[in-house]
Every structure is written in structure tokens, then in C-alpha cells.
Amino acid sequence: MLLDADRRVRQARLHIVEFRGFERFIQGRPFREIPTLVQRLCGICPVSHLLAASKACDHFVIGKAKITPSAEKLRRLLHYGQVLQSNALHFFHLASPDLLFGFDDDAAHRNVVGVINDHPELGLRGIRMRKYGQEIIRILTGKRVHGTGSIPGGFLTPLSTGNRELLLRDIDGIIEWCQASTALARDIFLSNQPAHTLFGQTESAFMSLVDANGAADLYDGVLRVTGADGRIMVDGHQPSHYHDLIREEVKPWSYMKFPYLSSFGRQAGYYRVGPLARVNNSACMPTPHAEEARREFAAFGEGKPVQATLAQHWARMIDTLLCAEVIRELLLDPDIVGTDLMTSGDPLREGVGVIEAPRGTLIHHYRLDDDDNIQFANLIVSTTHNNRGMNDSVRAVAAEYFDGREITEGLLNRIEVAIRAYDPCLSCATHALGQMPLVIEAISPEGQIQSQLIRHADGLMERSPA
């Protein structure tokens, strides 16, 4: 935090200082390795990287042809299961302690164990919802984390009728839990107005994939951007031409880039992605319960996109409800147990794969050399798209809650709450490995550290003297 002469916050920045290097690591590798290899970017959303890379590498096998209906529906089932379990993990394990107990609750209690002890039914619901999504991943890829299923040109193994029946047995209960969780997230957000709307406030456009009818689609579609005023700024943009839409700005104080819409400039081209974008951007949800929830969410916005940082939790649970309903539709589709899983075609030398990961729009872009190895790679992950949004929210919280004297644990907690609302994956965004401690510094106009608070990776707090 940079202070002015009156010790008020003039600027606040989220510094990401872990080294970015994965785009270089995969250069020179055979393209068929890439979908499995890039999963190692993350242990939370590896399926998203598997599928985005598979879509990009499809071009190296089948060119402009489409994969078979069964292969596509298996990929969709895998993806919607991944988003369901990731959203459940974030909401119940990471966000609900803040939302249920308050930002000033003791850290020893403000965690998932506290939720399970105080709200056992709710805690158990979150565990079981996540387990269901993980079971989909295990069945389709062989493992809950870093399995193999989707490959360039199609899908590796079919879904057996026995496993389909196993997944169908529990899906109606999962949908009911998702409905209840959506109502809970809504009620928590609405229960403390206007504070929850004003917390970490920022205003932006929103980008996501939609289908040909403008409905939310997490696996495929075209890019749409809706402005803060509710007007559509970009529509029908082909994901393969993302580079005509987006530029990536580099700043000297972060290894995470700052994307913006190139035709609107660095300031006017500010946008966010993720569940909030998907709900704001969609003309409708393709399933009945999720659409009912979307309409209620849209009504709160009164004709404009909902901008509130904390409304992302409400949107995330609408997103989760959509996933559960789509999973049921896919499991009832006869193609889901089909065995025609591979396609052939006229190969290309360049491929782009775009998908809606749990945290938002994910882009994988590759080019091949003459030996069919990766010559060029560019990955724009969801957290990178949200970099400016997180910085703006951190700045708003710091300006509101810093008392001008000392950084407190309460301020640190609130900054964490603002960042956590975006469900960031810094290992994806910086392509780094390991836990990162949180350091907050208040710097005077003369460049001196006035106050500093450090929370180490093991949770221990350290205050450095001014």
C-alpha cells in the first residue's frame, strides 16, 4: 500500500512475484503429451487445462473437423464434473467460514473445521457435492487428480453403462443440494446490504463463452463481452481469434500479466471473467433451475451487470447448479455410452482451445515445428484475466479499512476475503509451484515502510517494526 501525506491509501497493489515459466517448459515437447502435461499447472483445476489443451491439439490431428458426439459429451461430462467439485471446494471449504462467521472471527475457528463443527449438515453437504464431482473425474480419467481421458482427436475410453447408472443414482440429490446452496449464497449476500455490495468495489465489463443463442456454455461457444452499462460490447467472437480481441500488458512489479480488450484500450478495455461473468453475460441458462436462479440474480442488478465482488459467491453457486443439471442431461443421453470416440481429418499446424474453467475463461494456444513438437505456447488463465479486478478490490478494501497507522490482522483478513472472492489460482497464473506467504506493507510517500504484517505459509503471523 502506498500512502499519501495524510497517511491514507493512495495506491494498493497485489504483487505476484513467483516466476512464470510453464509456457517455456513445454516448448520442444511432442504435442500428444501436452494435454496430460499441462495438468501439472494445477491440482485444483487440472481437468480444465487437460480439456483446453485437448481442444487446441485437436487441430493437429483432425484439423477443422469435429470430434465425435460421444467424445464431446464425455468431455463435457468431465468438465462439468470438474467445475462442480471445484466450486463446491471453494464455497464450502474456503469462502463459507468468512461468510458464516464474519471477517473478524478468530482464525482458529474461521475455517472448514469450524463450519463442520457449527453447521455439520452444511459442511457434510459441501464434502459430498465435491466428492460427486471427483467421482466423475475418477471414472472418466482413472484418477481424481491428473488422470488421463481426453486426448487430441477425441476421448480415450468409453463410459460403461454400469458407471452411468452409478452416477445417475445420486444426481437428483446433488441437484437438490445445489439448489439449497444457491439459496444460501443468495441469502448471505442479501442479508448485509449495502455492505456486501460495496465491499471491494470495482466496475468492469465481463467476458465469457456463450452458445449460438446467448446461453451459458462452459465447454464451447463464442466469446461475448458485456459492458458495465449492460450493453454488449463484443459478441460472436471466434475463440481461435482471441489475439484480435485481447492484449496482455506487462507491469514491472508482477509476474502476472494484465489482459485488456485491445480495441477499447487499457482503461476502457478492463474486464473480468468467472462465474460472475458467466451469469451476467448469459441471455439465459440452458437448464430450468439455473435459469430461475439467474433471473433472480439479474433482477438484483436492475438491468445492469451485478458488479459486487462478494456477489461472485452467489454466482458461483448458480454456476454449480447449472453443472449438476447438465450432468443429469448428459448421463441420460444415449451418446454418453457410445464407443466411437476418435476422429481423423486434415491436420493443421496451429491450434487454439478455449474453455470456461471454474475461475473463468481459459485459453491455450500452440504452434508446431516441423517435427510435430511445440514451437510456441501461450496460456491465458482465468486468474490472469482477473488480475486488475483483484488489484482494484484490494485497493478498495485497503482504502476503506486501513486506519492510517498500523496494518492489523483484521485488514489482512479483509484483503484475503476480497482476493478469495475471485477464487484465484496463482500457480496457474504464474505457472509456479508451492505456497506463497502474504506480506502487507504500508509505504510512506518517502518510500519507507511504515507498517508491515507477514503471514507465513504455516499460518504464523509476524509484525515487523516500522
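The values are calculated or read from the model by the stated rules, or taken from the named source; none is laboratory data. Because the structure is a prediction, the values reported are computed rather than measured. Positions of Cβ are backbone-derived with ideal geometry, glycine not excepted, and every protein chain shown enters the neighbour counts. Keep in mind that these areas ignore ligands, DNA and RNA; they rest on the heavy atoms of the full protein, side chains included. Shrake-Rupley method; radii C 1.70, N 1.55, O 1.52, S 1.80 Å.
A cut-off under 14 angstrom between Cβ atoms defines the neighbours of PRO288, and their net charge, with Lys, Arg +1 and Asp, Glu -1, is -4. Each residue was assigned an accessible area with a 1.4 Å probe, and for LYS251 the value is about 60 Å². Near PRO69, once Lys and Arg are set to +1 and Asp and Glu to -1 for all other residues with Cβ below 10 Å from its Cβ, the sum equals -2.
When you count the other C-beta atoms within 10 angstrom of each residue and take the mean per peptide, 272-283, 372-383 line up highest first as 272-283, 372-383. Calculated accessible area for the chain comes out at 41 Å² per residue, all protein chains present (probe 1.4 Å; ligands, DNA, RNA ignored).
Seen from every direction in turn and averaged, the convex hull around the alpha carbons of segment 25-160 projects onto 10.2 nm². Would you mind checking the tilt of helix 120-141 against the longest principal axis of the Cα atoms of the chain, expressed as 0 to 90 degrees and rounded to 10? With rounding to tens, the tilt is 40 degrees.
Normalised Debye scattering of segment 163-236 at q = 0.18, 0.23, 0.27 Å⁻¹ gives log10 I(q)/I(0) of -0.99, -0.99, -1.03, counting only Cα atoms as equal scatterers and leaving out solvent. Kirkwood-type hydrodynamic radius, segment 187-277: 14.8 Å, calculated from all non-identical alpha-carbon pairs. Segment 33-104 and segment 116-141 have their alpha-carbon centroids 17 Å apart.
In degrees from 0 to 90, rounded to the nearest 10, what is the angle of the helix 69-88 Cα long axis to the longest principal axis of the chain? Roughly 20 degrees, rounded to the nearest 10.
Against the compact-protein benchmark of 2.2 N^0.38 Å, the Cα-based radius of gyration of segment 257-343 scales to 1.41. Electrostatic tally near LEU51: other residues with Cβ closer than 12 Å to its Cβ, Lys and Arg +1, Asp and Glu -1, net -1. Note on the chain: Rg/Rh from Cα positions, Kirkwood definition for Rh, rounded to two decimals, is 0.96. Normalised by the number of residues in the chain, the average gap of Cα pairs under 8 Å and 6 or more apart makes the relative contact order 26 percent. Please determine, in degrees from 0 to 90 and to the nearest 10, the orientation of helix 288-301 with respect to the longest principal axis defined by the Cα atoms of the chain, where the helix direction is its Cα long axis. Between the helix axis and the principal axis of the chain, the angle is about 30 degrees.
Kindly identify segment 121-168 as rounded, prolate or oblate by the Cα gyration tensor criterion: order the square roots of the eigenvalues as a ≥ b ≥ c, call it rounded if a/c is under 1.5, otherwise compare a/b with b/c, prolate if a/b is larger, else oblate.
Oblate, since a/c reaches 1.5 and b/c is not below a/b.
Of the three principal axes defined by the Cα atoms of segment 281-423, the extents in descending order read 65, 44, 28 Å. Expressed as a whole percent, the accessible surface of the chain that belongs to carbon and sulfur atoms is 50, based on a 1.4 Å probe.
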